Amino acid sequence: MTTDPKTVNIEAPLAKDYYTALHRAALTFSSSLELDQVLQHIVETVTAAMQVKAAAIRLLDPLTDQLVLGAVYGLSPDYLDKGPVEVSHSPLDSETLCCYPVYVPDVRVDSRFQYQDAARREGLVSVLSIPLEVHGKAIGIMRVYTGEQTTFHDNDVQFLSVLASLAALAIENARMYESMKDSYSGVVAAFWGTYQPS
């Protein structure tokens with residue numbers, strides 16, 4: 001039996017264990033209400049599973065139009081202190097926030113990357129950015145960085161997209177939880193503030 005090589009869908013070698021990583025991430029989501037802990041676990045899981053140099057989650061602050069660091073793994077303090085990530089000055093992030101994945105083969109020479117010199121000093125080369133979406137609206141980005149030129153395959157994009165969706169869900173749940181706690185505290189304070197025991 002022969003197979004026509006033109007019709008075979010060639011995928012990346014499956015040396016990356018995405019199923020185990022997704023399982024571990026799901027366990028973290030279900031066992032913690034601490035958003036910082038969940039997001040940190042996600043970036044560590046992504047870095048290990050995708051075999052990349054680093055990963056970061058940045059959340060959009062609509063008041064400042066900046067992407068604020070939510071969690072990071074694998075980037076130096078010097079790189080993180082490079083300056084604010086302003087969406088208006090970062091075509092890469094503007095594209096990602098339009099709700100689709102963006103791949104940059106070499107950030108050192110791609111003008112869409114806001115801090116090219118800092119990327120060179122950090123040893124960053126390829127980048128894959130995925131939007132964090134809630135109800136079809138981007139609330140931030142998840143990005144992986146490599147130390148050598150890398151081609152990301154469909155399974156890489158799908159894996160990162162699933163984790164980005166889970167991260168966005170965790171962020172939304174944490175925000176709703178905080179809102180409910182604040183509402184409850186307000187109701188209790190109002191009740192005890194006006195209630196006079198006999």
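Please treat every number below as a calculation from the coordinates, not as lab data. Small disclaimer: the values here were computed from a predicted structure and weren't measured. Every residue, glycine among them, receives a Cβ derived from its backbone with ideal geometry; neighbour counts consider all protein chains shown.
Modelled label positions at S88 and H153, each set 7 Å beyond Cα in the direction of Cβ, lie 4.2 nm from each other. In this calculation the C-beta distance from D117 to D65 is compared with R0 = 22 Å, giving a FRET efficiency of 0.50.
Quick one: dipole size for region 38-143, taken about the Cα centre, charges +1 on Lys/Arg Cβ and -1 on Asp/Glu Cβ, in debye to the nearest 20. Numbers along the way, then the final one.
Values: 9 positive and 13 negative charges, 40 e Å.
With Lys and Arg at +1 and Asp and Glu at -1, about 200 debye.
Shape analysis of region 39-174 places it in the rounded category; the axes a ≥ b ≥ c from the Cα gyration tensor give an a/c below 1.5.
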